[in-house]
Amino acid sequence: MNSKYSEITAYCRKHGVKLVAVSKTKTPAEVLEVYQQGQRCFGENKVQELLQKHEALPSDIEWHMIGHLQSNKVKQLVTVVSLIQSVDSRKLLLEIDKEAKKKEQIMKVLLQVHIAEEETKFGLSYAEAQALIRDSGQNIFQNVAICGLMGMATLTDNDAQISNEFRKLKTFFEAMKVVKQDPEFKILSIGMSSDYRIAVEEGSNMIRIGTAIFGRRSA
Ligand SMILES: *Cc1c(COP(=O)(O)O)cnc(C)c1O
């Protein structure tokens, strides 16, 4: 029994937040332990690893892709994942749309917005995200459903900075709801092990938790 897991699910229930258990680098057996405690939604950041776990684990798991995705790997993911959280370019969104169309599917995605100070993290600028949301109301992107936004705050001990980064994204999210006028655009995926309480205070409704559930990653 993983008591950290119970604590986090209780917190999520209380705040009406969806939990994505981030299982990257963990073995199928470790994932299964958390599955047996009731978790059905898992996030991975590498295509190959996601596909392997999808094969090895129960079919009622909802898989989310949360890592940087290369266009040439989209094809393999489209029928496997429930949500691609890490759309960080127009090129990638076009590719997802194309592959989803071939498979006669509507692929749910989030736009990953770059909100951190570090330049190393992937993501769209606010202006790029806004342009994609505007264009998604036109006739392009017919086989993708943009269901919201994902962001990662700067890795810092400065809680005020983290709050500010999340708050700015939440404000943008609310503005885009007005632009998009689509009830499906409703997910704000912010918050990881170190900052999920701040994220929820700032309006997150989906948190992505690895370390706090599974323990530290060796890789
Ligand atoms: C690894 C990862 C997480 C989880 O990080 P923890 O600090 O282990 O909770 C969340 N989101 C993304 C995009 C990740 O790559």
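So that you can scan it fast, the table gives a plain yes or no per residue for (1) assigned to a helix (DSSP H, G or I); (2) buried (at least 16 other Cβ atoms within 10 Å of the Cβ):
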residue	(1), (2)
ILE140	no, no
LEU149	no, yes
LEU155	no, no
SER163	yes, yes
LEU169	yes, yes
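Does THR25 count as within 13 Å of the ligand (Cβ to nearest atom) and within 19 Å of the chain's Cα centre (by Cα)?
Values: within 13 Å of the ligand (Cβ to nearest atom): yes; within 19 Å of the chain's Cα centre (by Cα): yes.
Here the answer is yes, as THR25 does meet what is asked.
Which one is surrounded by the fewest Cβ atoms within 10 Å (Cβ to Cβ), of the residues in the range 80-91 that are free of Cβ contacts under 8 Å to residues at least 40 places away in the same chain and more than 15 Å from ALA145 (Cβ to Cβ)?
LYS91
Output the residue which, of all residues in the range 18-33 that are touching a strand residue (DSSP E or B) at 6+ places or on another chain (Cβ under 6 Å) and among the β-branched types (Val, Ile, Thr), is surrounded by the fewest Cβ atoms within 10 Å (Cβ to Cβ).
Here the answer is VAL20.
In the range 34-59, which residue that is under 23 Å from SER3 (Cα atoms) and surrounded by fewer than 16 Cβ atoms within 10 Å (Cβ to Cβ) is nearest to the chain's Cα centre (by Cα)? Before you say what the answer is, go through the steps one by one.
Within the range 34-59, the first condition is being under 23 Å from SER3 (Cα atoms), and the residues that meet it are 34-44, 57-58.
Cutting the leftovers down to surrounded by fewer than 16 Cβ atoms within 10 Å (Cβ to Cβ) gives us 36-38, 40, 58.
Working: GLN36: 22, GLN37: 22, GLY38: 20, ARG40: 15, PRO58: 21 Å.
Looking at residues that are under 23 Å from SER3 (Cα atoms) and surrounded by fewer than 16 Cβ atoms within 10 Å (Cβ to Cβ), I get ARG40.
Taking SER218, is it hydroxyl-bearing (Ser, Thr, Tyr), within 16 Å of the ligand (Cβ to nearest atom) and either modelled with pLDDT under 95 or part of a helix (DSSP H, G or I) (or both)? Can you show your working first?
Working: hydroxyl-bearing (Ser, Thr, Tyr): yes; within 16 Å of the ligand (Cβ to nearest atom): yes; either modelled with pLDDT under 95 or part of a helix (DSSP H, G or I) (or both): yes.
The answer is yes for SER218.
Filter the range 115-133 down to the residues that are in a loop (DSSP other than H, G, I, E, B) and without any contact (Cβ under 8 Å) to a residue 24 or more places away in the chain, then identify the one that is surrounded by the most Cβ atoms within 10 Å (Cβ to Cβ).
Of all residues in the range 115-133, those in a loop (DSSP other than H, G, I, E, B) come to 115-123, 125.
Now narrow it down to the ones that are without any contact (Cβ under 8 Å) to a residue 24 or more places away in the chain: 119-120, 125.
On the way: GLU119: 6, THR120: 6, SER125: 11.
Only one residue fits best here, namely SER125.
Output the number of residues of the range 183-219 satisfying the condition of being over 17 Å from SER163 (Cβ atoms), out of contact with any strand residue (DSSP E or B) (no Cβ under 8 Å at 6 or more places or on another chain) and either of a type in the set (Asp, Glu) or surrounded by 15 or more Cβ atoms within 10 Å (Cβ to Cβ) (or both).
So the count comes out to 1.
Tell me which residues, restricted to the range 183-201, are in contact (Cβ under 8 Å) with a residue 12 or more places away in the chain and more than 16 Å from the ligand (Cβ to nearest atom).
Scanning the range 183-201 gives GLU184, PHE185, LYS186, GLU201.
Which residues, taken from the range 60-79, are surrounded by fewer than 20 Cβ atoms within 10 Å (Cβ to Cβ), under 21 Å from ILE209 (Cα atoms) and β-branched (Val, Ile, Thr)?
ILE61
Within the range 154-164, identify whether any single residue is away from the ligand (no atom under 16 Å from the Cβ), over 29 Å from VAL34 (Cα atoms) and within 15 Å of the chain's Cα centre (by Cα), and answer yes or no. Please lay out each step first, then the result.
Filtering the range 154-164 for residues away from the ligand (no atom under 16 Å from the Cβ) gives 158, 160-161, 163-164.
Now restrict to residues that are over 29 Å from VAL34 (Cα atoms): 158, 160-161, 163-164.
Going one step further and asking which of them are within 15 Å of the chain's Cα centre (by Cα), we end up with none.
No; the residues of the range 154-164 include none that is away from the ligand (no atom under 16 Å from the Cβ), over 29 Å from VAL34 (Cα atoms) and within 15 Å of the chain's Cα centre (by Cα).
The values are calculated or read from the model by the stated rules, or taken from the named source; none is laboratory data. Predicted model, so just to flag it, every value in this text is computed and none were measured. Here the Cβ is made from the backbone with ideal geometry for all residues, glycine too, and neighbour counts use every protein chain on show.
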